[in-house]
Amino acid sequence: VSRLSSEVVWLSVQTGQNATARTGCREFNPSAAMPGFRSALVTAACAAQLRGPVQVDAPVAAVAQNATTRTTGQICPCEATSAMWKAPQPRPAKCIFIDLGAADGNTFNDFISNKYGPVSNCPSGGAWEAYLVEANPRFAPKLEAIQKQFPGQVHVFTTTAAYMCEAQTQFFLDTQNHEHNYWGSSMYNKHPDVVKSGKTAVNVQTKNVIRTVMESSTPADWVMLKMDIEGAEWDIVPCLAKSPYANLVDRFYLEEHPKDWNDGPTTPAQMESAKAELRSKGIDIPSNYHSQTF
């Protein structure tokens with residue numbers, strides 16, 4: 001999780017007409033247009049044309065007592081596509097904000113406060129929808145309150161960990177970093193903050209990130225995928241790169257953590273190759289992204 005803040009602006013959002021328009025967006029030079037902004041964090045002036053119920057969680061301590069043990073390594077195999085997934089019905093284009101590692105909703109609040117670009121520039125006169133995924137049960141009440149505040153626009157998935165398939169697993173809690181919103185909670189017991197916290201674990205459901213993208217987004221939408229999940233990106237990103245639905249994503253805000261926090265087989269070279277594959281599909285991945293979690 002970030003110790004830094006980021007400054008992210010999009011210039012405008014409009015639906016593109018074809019693959020050429022999408023490629024042209026990626027060739028825009030934001031540094032020349034807006035001096036002072038880091039070019040990697042300023043988007044092109046167009047959008048793409050290519051391309052559960054809320055849970056009521058038990059208190060953290062009570063859930064932790066019932067946590068089961070899992071082996072190291074990947075929790076379940078990559079599921080990059082499925083005939084069971086259902087695309088949205090035809091509807092007007094909108095912004096889609098998918099927040100993986102949503103914490104207490106702070107990044108979502110940045111989104112609606114225009115820190116990821118003017119929400120009024122979203123397609124169809126500023127239409128948007130958000131999906132907030134968070135495994136730490138500590139944050140469930142605040143996320144559920146946000147969903148009630150924005151009925152039909154915000155969908156929260158509490159006690160749910162973002163991953164590349166659907167299963168159940170342990171999630172290890174950071175119980176030490178009170179001033180930093182418990183930013184070290186992770187699916188992996190190697191995380192230093194997890195170790196400091198005595199490897200306190202809860203049982204969670206995993207949510208397939210790729211399925212979430214496919215079932216929430218249309219090619220005309222402007223889709224922002226934010227991923228700050230303390231090491232699980234080393235499993236998910238290569239799986240996403242294999243998916244035929246990856247190019248539904250326009251902007252991928254990836255906070256990358258040390259490889260040694262993750263138990264899976266992905267090497268640094270394979271991770272770089274996966275990011276290159278995503279970029280080749282027209283996805284903008286800002287460099288050195290950090291999400292603000294406190």
Quick one: is E230 out of contact with any Lys or Arg (no Cβ under 6 Å at 6 or more places or on another chain), of a type outside the set (A, V, I, L, M) and buried (at least 23 other Cβ atoms within 10 Å of the Cβ)? yes
With K259, K275, K207 as the choices, which residue is closer than 27 Å to R91 by Cα and among the basic types (K, R)? K207
How do the pairs read when you match residues in segment 263-282 that are over 16 Å from I210 (Cα atoms) and among the aliphatic types (A, V, I, L, M) with residues anywhere that are open to solvent by 30 Å² or more (accessible area, probe 1.4 Å) and at pLDDT below 95, using Cβ under 8 Å and keeping only pairs 6 or more apart or on different chains? M271/E256; M271/K259
Pick from segment 211-236 the residues that are assigned to a loop (DSSP other than H, G, I, E, B) and over 10 Å from the mean Cα position of the chain (by Cα): which of them is farthest from T266 (Cα to Cα)? A220
Among the residues of segment 77-106, which ones are among the small types (G, A, S) and either on the phi < 0 side of the Ramachandran plot or not in a loop (DSSP other than H, G, I, E, B) (or both)? A80, S82, A83, A87, A93, A102
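Looking at N114, N136, which one is open to solvent by 30 Å² or more (accessible area, probe 1.4 Å) and not hydrophobic (A, V, I, L, M, F, W, C)? First the steps, then the outcome.
On the way: N136 fails: open to solvent by 30 Å² or more (accessible area, probe 1.4 Å).
That would be N114, the only listed residue that is open to solvent by 30 Å² or more (accessible area, probe 1.4 Å) and not hydrophobic (A, V, I, L, M, F, W, C).
Output the number of residues of segment 249-283 satisfying the condition of being among the basic types (K, R) and surrounded by 22 or more Cβ atoms within 10 Å (Cβ to Cβ).
So in segment 249-283, the residues among the basic types (K, R) come out as 251, 259, 275, 279, 281.
Those still in the list that are surrounded by 22 or more Cβ atoms within 10 Å (Cβ to Cβ) too: 251.
Here the count works out to 1.
How many residues, within segment 146-156, are closer than 22 Å to L173 by Cα and either at pLDDT below 95 or open to solvent by 40 Å² or more (accessible area, probe 1.4 Å) (or both)?
So the first thing to find is which residues in segment 146-156 are closer than 22 Å to L173 by Cα, and the list is 156.
Still in the running and either at pLDDT below 95 or open to solvent by 40 Å² or more (accessible area, probe 1.4 Å) (or both): none.
Count: 0.
The values are calculated or read from the model by the stated rules, or taken from the named source; none is laboratory data. The structure presented is a predicted model; accordingly, all values stated were derived computationally and were not measured. Cβ: placed from backbone, ideal geometry, glycine included. Neighbour counts: every protein chain shown. Protein only, heavy atoms only, side chains kept; ligands, DNA and RNA dropped before computing areas. Shrake-Rupley method; radii C 1.70, N 1.55, O 1.52, S 1.80 Å.
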